[in-house]
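As structure tokens, the structure follows; a few thoughts come after it.
The values are calculated or read from the model by the stated rules, or taken from the named source; none is laboratory data. Worth saying up front: this structure is predicted, and the values here are computed from it rather than measured. Virtual Cβ from ideal backbone geometry, glycine too; neighbours counted across all protein chains shown.
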Amino acid sequence: MLFTHDTELALVSVAALVNTLPGSVPGDDDPDTLTTVAELDRFLAEHRWTGRHERTRAELEQVRALRPRLAALWTLGEDELVAEVNAMLAANGALPQLVAHDGWPWHLHATPRDAPLAARMAVEAAMALTDVIRAGQLDRLRHCDAGDCDNVLVDLSKNRSRRFCDAGCGNRAHVAAYRARRSR
């Protein structure tokens, strides 16, 4: 394991949240997959978010508004990323504390369980990125190598070999390469 369990879960969750945005690659018609409270409920359950969840349209809109800011984190250099992480922590009143809950061992939370969901998501992202920065592992934050995909990913592989997101891009690339070899 490269990072602690809570850091890895947060990084994967942040990438998944960013990837709910509609595509920005020309010709990419991926839909926005976070448009309803029910979709937010499914996202939170899939990524094991705990704590306060109001299940309101206002909360959904706050989370949706956070996504572009999180997406931008994948494009920043180290100094800019550090400044943005610090700004996110300060804006949300982060106060790191050790907690153990829901069967998880000791880990850090920097907001109370009853803080607004979007604030907790921003702080979790910032805390996870703090570990990435401190470990000198920024190169693990990547964009999918598929030419028609703009998803982000976190390469948690030991040999830093992950190139594709979880949307099936790797499989499509391998099938295309196989077919190209077979047609020769």
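Across the range 127-142, the number of residues qualifying as surrounded by 14 or more Cβ atoms within 10 Å (Cβ to Cβ) and not in a helix (DSSP H, G or I) comes to 3. Just one of (1) free of Cβ contacts under 8 Å to residues at least 40 places away in the same chain; (2) under 23 Å from Arg134 (Cα atoms); (3) touching a Ser or Thr at 6+ places or on another chain (Cβ under 9 Å) fails for Glu80. It is (3). For the range 156-184, residues that are in a helix (DSSP H, G or I), small (Gly, Ala, Ser) and either more than 20 Å from Asp30 (Cα to Cα) or modelled with pLDDT of 85 or more (or both) total 4.
Does Pro31 satisfy the criteria of being of a type outside the set (Ser, Thr, Tyr), surrounded by 11 or more Cβ atoms within 10 Å (Cβ to Cβ) and touching a Pro at 6+ places or on another chain (Cβ under 7 Å)? No, not satisfied.
Pull up the range 37-67, narrow it to residues that are within 20 Å of Ala10 (Cβ to Cβ) and of a type in the set (Gly, Ala, Ser), then point me to the one that is surrounded by the most Cβ atoms within 10 Å (Cβ to Cβ). Residue satisfying both the conditions and the ranking: Gly51.
Going by what's in this entry, would Leu70 be described as closer than 21 Å to Cys144 by Cβ, surrounded by 13 or more Cβ atoms within 10 Å (Cβ to Cβ), of a type in the set (A, V, I, L, M, F, W, C) and without any contact (Cβ under 8 Å) to a residue 40 or more places away in the chain?
no
Among residues of the range 30-51 that are within 16 Å of Trp104 (Cβ to Cβ), those with a beta-carbon under 8 Å from a residue that is surrounded by 14 or more Cβ atoms within 10 Å (Cβ to Cβ) and of a type in the set (D, E, K, R) at least six positions away or on a different chain give the pairs Trp49/Arg120; Gly51/Arg120.
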